[in-house]
Every structure is written in structure tokens, then in C-alpha cells.
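The values are calculated or read from the model by the stated rules, or taken from the named source; none is laboratory data. Small disclaimer: the values here were computed from a predicted structure and weren't measured. Glycine also receives a Cβ, built like all others from the backbone with ideal geometry; neighbour counts cover every protein chain displayed.
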Amino acid sequence: MKISKVFLYIIAVMILVGNLLLAPLPVLAWGDNSEDGRPSYTIEEINNGAIGATPVSDGEDYKNSPNYPGQIIFNTISDSTIGNEKNFVGAREYTSINAGANNFWRGNDITVEDGKTYLIRLYVHNNNPNGMDAVAEDVKVAFSIPHTSSTKIEVNGFINSSNAMPSKYWDYVNFNSDIPFHLEYVKGSALLENNGIGAGGGIQLSDDIVNAKSGGILIGYDALDGRVPGCYQYANYVTIRVKVVYDYNNIKRATYSLQQANEGALGDKITFNSIKVTDTDADWYKKATGEDLPTGMLCNETNFVGAREDTGKNEGAKNVWEGTEIIAEDGKTYLVRLYVHNNSSGGMDSVAEDTKVRFYIPYTSSEQVTVNGWLTSSNATPTEYSDTVTFKSADGTPFSLYYVYGSAKLENGGFAKGGGVQLPDSITNQGNPTNEVEDEWTLIGYDAFDGRVPGCYEYINYVGIKVKVVYNYEFTVENKIRLADNEDKTWQDMVEAKIGDKVDIQFQYLNTSNQNQQGVVIRNLLPDNLRYVEGSAKLYNSNHPNGMAIDNAEAIFQDGGNIGSYDPEANAFIRITAEVVDDNLSEGQNTIISWAQARVGDTTIQDSASVIVHKNTKVEIAIKILSVLAFTFAAMAVYLLAKMFKRLLS
């Protein structure tokens, strides 16, 4: 297929109205999994058959060339409509306006600002010129967004294809700022645009595209089936959005001892969470008040976000909060607290205005997950503060944190005294339906939700939320079935059987992670019309390769039976036999579904197998009547024959 200037003009016009383009930029960082890195080609070289026969290279009979359809390779063209395709990951500020060819993309570095949202684009072009005769298969894409706070964050984009050479490609763009920041992925923002399934505004992709496993998520031209034909008209543009959030707590600010703060070191300045209790403060406080320092005082207020397990008990000052990191156990719920103290000693004469707070709980699965808390006030110096607490897996198993809806609460000695007052779920990103940071900032206050927080200890506010830990155990469950005592021993997803037949059911668990999984529970939801055959349950695993009879089989059909612990790639399966019975079968065809479940921690996965049973009462009655009639006629025939022979012999 010859790529003419006229054709390129047509493609450019199409892209202008719908697709996202990257202005030509020099290559800084790119890579693939070939030994020496993939070559670069010009459009002219592609036309001349560099990677696949074309009419230009081989004439009208080019499809019979040994070089047809040719090699499948991505993003090698140096003078493409987007510039150099090896620089295929770029970013720009998200303005809600798509200017098409006039969009200006930063392919190497972009300087970012606090609170702004940015688009990251990944360009996917199968360079083979032979269209539907050169389809790339199993094409997957992914983005990697580091969970870090820094002045420079590198975001990577990846392309994978099973029949491309090379099969893996990557590129990145750097986000830069003078102030430490982190990137928050905008949930639901992943989009695929092309001239096929993604035409006219694009098609939404799964959020699993971010920090994905197994090479990413499938894209495609006509469907999300991983199939991408060759040539420009089949190019794909994948985008996500990220928010930039400055981490002001990583900027060193002035701190004060308890004595300094109380003796006027702040002057008229309003500042939050800046007191660090020193060794001399205890003596000073004793002399000044005649008492010891209060129990439970936060001695380092810059570490103002903490967590503890939610035990259902609030012991007030005796609560122990972990301010830096905490071990996260599967299935448990934890309280995350944000401490708000206007350090000015002026009380009602030093009121902080427009005081707001918010939390960020990452949408991620990792061995450690960091929760951020922010505090801001319009007349404080500085105006914004942030701190974090990190949850760590107890055994190295990746986990996720989920906000507990309805748990946000404000407590203080004013209008939120006693049990506290509830705050909106939008105080967290996970509870915010708009995904806009501005909507997460939540006004607090001492006497009302008016943002006013007076200075001094008696006006401290405590903001809390709850999160639940869910370990993301990686395992699979497979449920299969076959007719018992049948010559064909093949396990199936579905079999046909008659009432009275017996079926074997096998449900298998497989540990697909790289961690040992303890306390694996197997359960079978045996439905009506399948009756367990007593004594048939057996467990098969590495310790019992020939099967071990399960004495307490009833547990399998109730809450599930614990089958022990399993190392990575280890498996186990249980076999039972059930009889097909008529508990409540309907007339005609019945589909009986048997569900098998495996549970590790709080994670449950299930699979099903089916039995097809036909019930036709009228036919069965007719058969019985015919059988009775046949027997009757046969008996009468025998009687008449016997009588006839008796007469002949007499």
C-alpha cells in the first residue's frame, strides 16, 4: 500500500477532528526488548518495502512476494505525522478542549503546577503498510505511575503484542516541579481513540491500565480484542488523566518548642501543626502549670496524620496512633486521623479562616499503600500542609485500601464534642463522585462548619476516616463435571444427564501468586436436584496425590472446608459424586448449576459447572402406559396361545 502525500493529508484532517497528536520532538528515552533496539524508518522506506512488500517495491503482484505481508513492528517511523514515533508517550495540560492537530504535547519533560490535571498520551501504530493482512495480535497497553513524592516523577507507557518483532515497547515522560509533588490517577479517565471502535469521542478503558499486571489491558481497532491492523488509518491513541498534588509537608517549615509557642515566638502569625516538644518543655510546663505534660499529647505535630486499628473502643488520650507506618492485616478496619492545631496562643483573637481538610487513598494494589492527609487555611503561613501514613502488608501479599463510606467524622471541644459530627464522604478521593480535587476539600471549624479555627490547644480538631484492608490474593478456581462411571473421563463445563444418573464434580484451587497462601477454604454450593453421595468427597494435593477421604464433608457444603496452606504454583482439588434427583425439576429442559468457591483471607473466587436434565412427565407417563399395555398384551397373548395349544392336544 503506497503512502502518498494526498493520503497523509486525508489522515491529518481526520486526526484534526478527532485524534490526539504529538508535535515532533527529539527522541530522549525509548526502548524495546530486541537485542540492539528496533531500527528507524522513514515513510519513503516503508513505501519501498522496508518491512513488507508494497506496490512500489514489488509491483501490482506484490501480494505474491515472499516479503508479503511482512514484519509487524510498532512505532519506528521517524517522520510520522506525530514526529518520531519512538517518542510515543507525551503529556499536556488537560483543558477540556481537544484541538486535534494543534494540541501541543511534551514528549520528554513537562513542568507542572499544583492542582492541575494533565493528559498522558500513548501512541500505538502498527507500521506494517498492509492493513488487514498484517494484524498485530494480543496488543496490550499500560501506564506505570510511581507511588512517590518527588520534584521529578517519571511516567512510563508500554505496548505489548504477541506477534510483533520486537514484542515489547516502552517510553516515558518526566513531570517536573520545584516543589515535591505526587501524581493522582483520575479514576475512569482511560480512553481509546481511533477511527474504528474509538471514533467519535473514544471508548472508555479499564482503570487496570494503570500499574497493570500481565502486560496491560487489551485494545483494538474494531473491538477490545487485541487486534490492530497495519497502516496509519488503524493507529490508536490511548490517554489517561493525572492530577498534580503538591506535598507541602516535604518542604521544611519553621517549628517551635512548646515553650516558644506559648511565649509568643509566632507573634501575629497563624500556623498549623508546627510544635515539636523538646526535652526542656516538660520542665517548663511543670513550672508554668504545676502539672505534667498531658497524656497523649502529639509531641511532633509535623507528623499529624496517623492510623490505628479500629477495635470499636475509643480510649481517648490512651489511644496509640502510628504516625509513620502501620502493619495492615487482611480484613481489618483501621482509623486514619488528621490532627488540626492552630499553634497561635491568641485564642479567639487568632482565628484561622477557611480551614479545610482532605484525604487521598490510592486506587492501587501493593505491598505498601500510603494515605495522604492535607490541611489548608487562607490566612495561615504556610497556607497548606500535608502528611502521610504508610500501611504495610503483614506478609508481603499485595493489598488494597477501601474507604468505609459514612465513616468521616470531626471531633473537637465545640460543636463536635462528645461523639463528633459526620463529614461528607467526598472528603476522600474514593468517596468523591466528581474526581475533582476541589470537591474533596471539606470545611471544618470549632463552632460550625465555617472554616474558623481559633488558636491554642483547647481548640484542636480531630478529623478521622476508616479504611478496610483487603489482601489481593492471586489464585484461580476451576469447577468441572463429568458423568460418573462413563468411559469418557474428560472433565467438562457441562454434561447432559438423566434422573438417577451420577456425576463427578471436581473443583480446583491454584495459587498463582509468589506468596504462600494460608488457610485456603473450599466450598461447593450444591444445588437442588443434585444429591451428595455420602463418602465420595476426596482431597487431592501434593501430600495426598492419590486422594484423601474427607470425613467432615458437610463443612464443604456449608461455610467451606479449610484445606491448609499452599506455596506459589501449588494446587489442590476436591472431587465429589452427586446423584441427579427430582427435587423440583420443571417440565422440559433444566439447567442445574453447581458453584465452587475458594476463599483466601477476604478474597473469594468462584466458578460453575452445569448439568442439563430433561423432564417430560407426559412422555414418561405415555411410556409407562405403553409398557403396561405391552405387558398386558404379551400376557394375554401367552394365555391365548397356551389355551390354543391345550385344545390342540386334547
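Of (1) touching a Leu at 6+ places or on another chain (Cβ under 8 Å); (2) closer than 23 Å to Thr434 by Cβ, Lys187 satisfies all except one. Which?
(1)
Residues being out of contact with any Lys or Arg (no Cβ under 8 Å at 6 or more places or on another chain), surrounded by fewer than 18 Cβ atoms within 10 Å (Cβ to Cβ) and at positive phi: count how many of those fall in the stretch 558-601.
Residues that pass the stated criteria total 2.
Quick one: how many residues across the stretch 304-334 are in contact with a Lys or Arg (Cβ under 9 Å, 6 or more places away or on another chain) and charged (D, E, K, R)?
Result for the stretch 304-334: 6.
Can you find a residue that is touching a residue at least 40 places away in the same chain (Cβ under 8 Å), assigned to a loop (DSSP other than H, G, I, E, B) and touching a helix residue (DSSP H, G or I) at 6+ places or on another chain (Cβ under 7 Å) anywhere in the stretch 152-169?
no
Collect the residues in the stretch 114-142 that are more than 30 Å from Glu384 (Cα to Cα) and part of a strand (DSSP E or B), keeping them in residue-number order.
Arg121, Leu122, Tyr123, Val124, Asn126, Ala136, Lys140, Val141, Ala142
Being outside any helix (DSSP H, G or I) and within 36 Å of the chain's Cα centre (by Cα) is the filter here; which residues of the stretch 417-430 pass it?
If the condition is that a residue be outside any helix (DSSP H, G or I) and within 36 Å of the chain's Cα centre (by Cα), then Gly419, Gly420, Val421, Gln422, Leu423, Pro424, Thr428 are the ones that fit.
Do you know which residues across the stretch 551-571 are more than 27 Å from the chain's Cα centre (by Cα), outside any loop (DSSP other than H, G, I, E, B) and over 16 Å from Thr603 (Cβ atoms)?
Listed by number, the residues that qualify are Glu554, Ala555, Ile556, Phe557, Gly561.
Tell me, which residue of the stretch 431-488 that is among the small types (Gly, Ala, Ser) and more than 30 Å from the chain's Cα centre (by Cα) is surrounded by the fewest Cβ atoms within 10 Å (Cβ to Cβ)?
Among them, the one singled out is Ala448.
Which residue is modelled with the lowest pLDDT, if the candidates are limited to the stretch 611-650 and must be surrounded by 10 or more Cβ atoms within 10 Å (Cβ to Cβ) and not in a helix (DSSP H, G or I)?
Ranking the candidates gives Asn616 first.
Out of Tyr532, Tyr471, Tyr446, Tyr462, I need the residue that is closer than 30 Å to Pro568 by Cα, touching a strand residue (DSSP E or B) at 6+ places or on another chain (Cβ under 6 Å) and of a type in the set (Phe, Trp, Tyr). Which one?
Tyr471
Consider Thr381 carefully, then state whether it is of a type in the set (Val, Ile, Thr) and assigned to a loop (DSSP other than H, G, I, E, B). Steps first, please.
Details: of a type in the set (Val, Ile, Thr): yes; assigned to a loop (DSSP other than H, G, I, E, B): yes.
So Thr381 fits the description; yes.
Any residue in the stretch 460-483 that is assigned by TED's automatic domain parsing to the domain that holds Asn432, modelled with pLDDT of 95 or more and of a type in the set (Gly, Ala, Ser)?
yes
Part of a strand (DSSP E or B), touching a Ser or Thr at 6+ places or on another chain (Cβ under 9 Å), polar (S, T, N, Q) and surrounded by 17 or more Cβ atoms within 10 Å (Cβ to Cβ): which single residue out of Thr397, Thr390, Thr370 fits that description?
Thr370 is the lone residue from the list that is part of a strand (DSSP E or B), touching a Ser or Thr at 6+ places or on another chain (Cβ under 9 Å), polar (S, T, N, Q) and surrounded by 17 or more Cβ atoms within 10 Å (Cβ to Cβ).
Report the residue count in the stretch 543-555 for those that are touching a residue at least 24 places away in the same chain (Cβ under 8 Å) and touching a Phe, Trp or Tyr at 6+ places or on another chain (Cβ under 9 Å). Even if it seems obvious, please write down each step before you answer.
First, pick out the residues of the stretch 543-555 that are touching a residue at least 24 places away in the same chain (Cβ under 8 Å): 547, 550.
Add one more test, that the residue is touching a Phe, Trp or Tyr at 6+ places or on another chain (Cβ under 9 Å), and what stays is 547.
Going through the stretch 543-555 one residue at a time, the tally reaches 1.
For (1) modelled with pLDDT of 90 or more; (2) in a loop (DSSP other than H, G, I, E, B), each residue gets a yes or a no:
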| position | (1), (2) |
| --- | --- |
| Gln233 | yes, no |
| Tyr237 | yes, no |
| Arg253 | no, yes |
| Gly264 | no, yes |
| Ile270 | yes, yes |
| Asp279 | no, yes |
| Met297 | no, yes |
